[in-house]
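Taking it in order: structure first as structure tokens, then the write-up.
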Amino acid sequence: MAEIRIKNLHKEFGVGDDKVVALEDVNLDISGHSFVSIVGPSGCGKSTLLNILTGIETPTNGTVEITSDGHVAAPGYVFQAARLLPWRTVTDNLLFVQEDRSEGTKERCQRYLEMVQLGDKGDKFPGELSGGMQQRVGIARAFSIEPDVLFMDEPFSHLDAITARALRRELHHMWDETKKMVVFVTHDVGEAVELSNRILVFAKGGRLEDDIQIDLPFPRDPADDEVAVAKAHVLRKFEELDLLAS
Amino acid sequence: MTVTETRPGTAGSQPAPNPGQRLFAIPTKIAKSPLSARVLFPIVLFAVWELSLIAVEEIWPFAVDVLPTPSEVGGFMWDEFITDTLARKNLYETFFISLRRLLSGFAIAMVLGTALGLAMGLSRATNAFCHDWTMAILAMPALAWALFNSIIFGFDDRGPILTVILAGIPFVIVNVREGVRNTPRELFDMARSFQVPQSKVIRHVLVPSLMPFMFAAARYCFSIGWKGLVIAEVFGGQDGAGWTIKFWYDAHRAHGVVGYAAFFVIFAILFERLVFEPISRRAFRWRPQLQTEVVEEAFGEHHEHYGEEETARHG
Ligand SMILES: Nc1ncnc2c1ncn2[C@@H]1O[C@H](COP(=O)(O)OP(=O)(O)O)[C@@H](O)[C@H]1O
Ligand SMILES: [Mg+2]
């Protein structure tokens, strides 16, 4: 089981007049088979938090620890834009992040491509695919390393509504099946309520303002009364925190 | 009154053409096609050439002895082609000599220019130190290099080769530096988050991202270097393409000068078509062609009404 421990995390960019506080004194524990959504207005440090957790950025202060059964956990990262190597085929993009190129690895990559319905697109270059298909390749890439924790930064925000909805379902399905931890950034409260059992609300200045548990059964239908109530509850929190204006 | 605008080529929205229009459709199509325009160019060129010779003859009859006609030039080029020449070396020997110099200079300029460009792209201090020098070399006409080098080296290979290097290297430096400055940061971050080893990142991210810039550098370096080489050979050579055009000039053979100039153009075009284009096609296979159809495929089943999520956006 994976575990994330964040202690007194502080992150600043720039110096002097250009100084920006991206995260301020964040303390947080996530463990087990959770689906945690991080919501908040743009610029509140959501991407920065994920970048620190995945080792792209280093904290200014404080510590982060991601472990899985006592050893350092392997993270998978799905970015807001697919971030594929345009000069490599879809299959080679998946192989790029693997530790080896053995037959077993290749089969695993193919399996995850099939899972996002792109089993026959392995020989294509990313430029030959639509935006939605590229994003699915990005998702397959993150899954293909079979990470202990899956980080996703607004993965569906560039997609059309129908594709996004289908992918949300697929994601929920995979989370349910693999029992992996997912940390999911979004600025869409409806999406967060539909997918997660825990919602973290961040405010401008990178402060963690609220930690909401949502204990409703899956799959959740946005039209369902209880889901609508939960969503209204989160939106009310937003109002209280005066986040809607931003 | 209503005004309807129809853009040409948008199918379905155009009214049916009347019979009169249809009659002219085919000739108009031929007249508008890029291919016929291309074919028309040499015809127009030769016509203007012949006609202006006739016109000049009217005004100043003696000039005709000097000005070459298309058939004279064509005949000269054919003789050169079958190695029947008055010059000391035939066409193929001449171009082989020049090509050897060009490729030596080109290779040196590419290697040195890439090294300098990398250093300048990676280090601000190096860039500050080299920037003005690069610009100065860039601003210097190839003619000046050719003259300097022939003074220094006299009549051997070094002058022309150095001219190629000096003419080409600023383009290599500038392009490689831009390439380094434009490396895709987000792809490096991606690789780091997936803990991809450094050597793999260099091979699969850094090098491919530099390729378009390297390629632009090579093309410029080659074509500018070629022009520099010809000038250098005029002043500081005993053979080569530049020397040979000067030979025809000194021999008062205007058709030789024009014909040799045409060989220069043919040489450059052949190189572009036979070397650069095939390499470019192979290296940039991944670039989406304009013709490639990008299809958004339906993903999974999605028959349900959607709309809730859109209304709950923040930030
Ligand atoms: N590399 C960086 N350099 C300077 N400032 C940055 C950098 N990355 C993020 N920031 C700043 O940190 C704050 C948080 O950014 P980010 O984490 O991207 O927000 P979010 O993902 O919630 O929209 C913003 O004010 C942003 O401008
Ligand atoms: Mg962000």
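The values are calculated or read from the model by the stated rules, or taken from the named source; none is laboratory data. Values in this document were obtained by computation on a predicted structure and should not be read as measured data. Cβ coordinates were reconstructed from backbone atoms using ideal geometry, including for glycine residues, and neighbour counts include every protein chain displayed. Protein only, heavy atoms only, side chains kept; ligands, DNA and RNA dropped before computing areas. Shrake-Rupley method; radii C 1.70, N 1.55, O 1.52, S 1.80 Å.
When you scan segment A:165-181, do you find a residue that is more than 14 Å from the chain's Cα centre (by Cα), within 13 Å of another protein chain (Cβ to nearest Cβ), under 18 Å from A:Lys46 (Cβ atoms) and not aromatic (Phe, Trp, Tyr), even just one? Within segment A:165-181, none of the residues are more than 14 Å from the chain's Cα centre (by Cα), within 13 Å of another protein chain (Cβ to nearest Cβ), under 18 Å from A:Lys46 (Cβ atoms) and not aromatic (Phe, Trp, Tyr). Residues in segment A:1-22 that are of a type outside the set (A, V, I, L, M) and part of a loop (DSSP other than H, G, I, E, B): A:Gly14, A:Lys19.
The set of residues in segment A:1-17 being surrounded by 14 or more Cβ atoms within 10 Å (Cβ to Cβ) and within 16 Å of ligand 2 (Cβ to nearest atom) consists of A:Lys11 alone.
Residues that are under 27 Å from A:Phe218 (Cβ atoms) and of a type outside the set (A, V, I, L, M, F, W, C) were ranked within segment A:73-86; the one that is farthest from ligand 1 (Cβ to nearest atom) is A:Gly76. Taking segment A:155-182 as the search range and keeping residues that are closer than 17 Å to A:Val39 by Cα and open to solvent by 20 Å² or more (accessible area, probe 1.4 Å), which one is nearest to ligand 1 (Cβ to nearest atom)? Out of the qualifying residues, it is A:Ser157. Candidates are the residues of segment A:84-119 that are hydroxyl-bearing (Ser, Thr, Tyr) and open to solvent by 10 Å² or more (accessible area, probe 1.4 Å); the one that is nearest to the other protein chains (Cβ to nearest Cβ) is A:Thr89. What are the residues in segment B:182-213 that are more than 7 Å from chain A (Cβ to nearest Cβ), open to solvent by less than 50 Å² (accessible area, probe 1.4 Å) and within 29 Å of the chain's Cα centre (by Cα), if any? Matches in segment B:182-213: B:Thr183, B:Pro184, B:Ser209, B:Leu210, B:Pro212.
Select from segment A:74-83 the residues that are within 8 Å of chain B (Cβ to nearest Cβ) and within 16 Å of ligand 2 (Cβ to nearest atom) and write down the one among them that is modelled with the lowest pLDDT. Per the criteria, the residue is A:Ala81.
In segment A:18-59, the qualifying residues are those that are closer than 16 Å to A:Leu208 by Cβ and of a type in the set (Val, Ile, Thr), and the one that is nearest to ligand 2 (Cβ to nearest atom) is A:Thr48. Tell me yes or no: at least one residue of segment A:124-140 is within 28 Å of A:Ser42 (Cβ to Cβ) and touching a residue at least 60 places away in the same chain (Cβ under 8 Å). Scanning segment A:124-140 turns up at least one residue that is within 28 Å of A:Ser42 (Cβ to Cβ) and touching a residue at least 60 places away in the same chain (Cβ under 8 Å).
Filtered by the rule that a residue be within 16 Å of ligand 1 (Cβ to nearest atom), in a strand (DSSP E or B), within 14 Å of another protein chain (Cβ to nearest Cβ) and within 16 Å of the chain's Cα centre (by Cα), segment A:23-72 gives A:Ser37, A:Ile38, A:Val39. Residues of segment A:187-243 that are among the β-branched types (Val, Ile, Thr) and either more than 13 Å from chain B (Cβ to nearest Cβ) or within 16 Å of ligand 1 (Cβ to nearest atom) (or both): A:Val189, A:Ile199, A:Val201, A:Ile212, A:Ile214, A:Val229.
Of all residues in segment B:214-229, at least one satisfies being over 30 Å from B:Lys246 (Cβ atoms) and of a type outside the set (Gly, Ala, Ser). If A:Gly122 passes every condition in (1) open to solvent by less than 30 Å² (accessible area, probe 1.4 Å); (2) of a type outside the set (Ser, Thr, Tyr); (3) within 16 Å of ligand 2 (Cβ to nearest atom) but one, which one does it miss? Of everything listed in (1) open to solvent by less than 30 Å² (accessible area, probe 1.4 Å); (2) of a type outside the set (Ser, Thr, Tyr); (3) within 16 Å of ligand 2 (Cβ to nearest atom), A:Gly122 misses just condition (3). Which numbered condition in (1) farther than 21 Å from A:Leu200 by Cα; (2) touching a helix residue (DSSP H, G or I) at 6+ places or on another chain (Cβ under 9 Å) is the only one that A:Val39 fails? Exception for A:Val39: condition (1).
Note on segment A:138-158: residues that are out of contact with any strand residue (DSSP E or B) (no Cβ under 7 Å at 6 or more places or on another chain) and away from ligand 2 (no atom under 16 Å from the Cβ) total 4.
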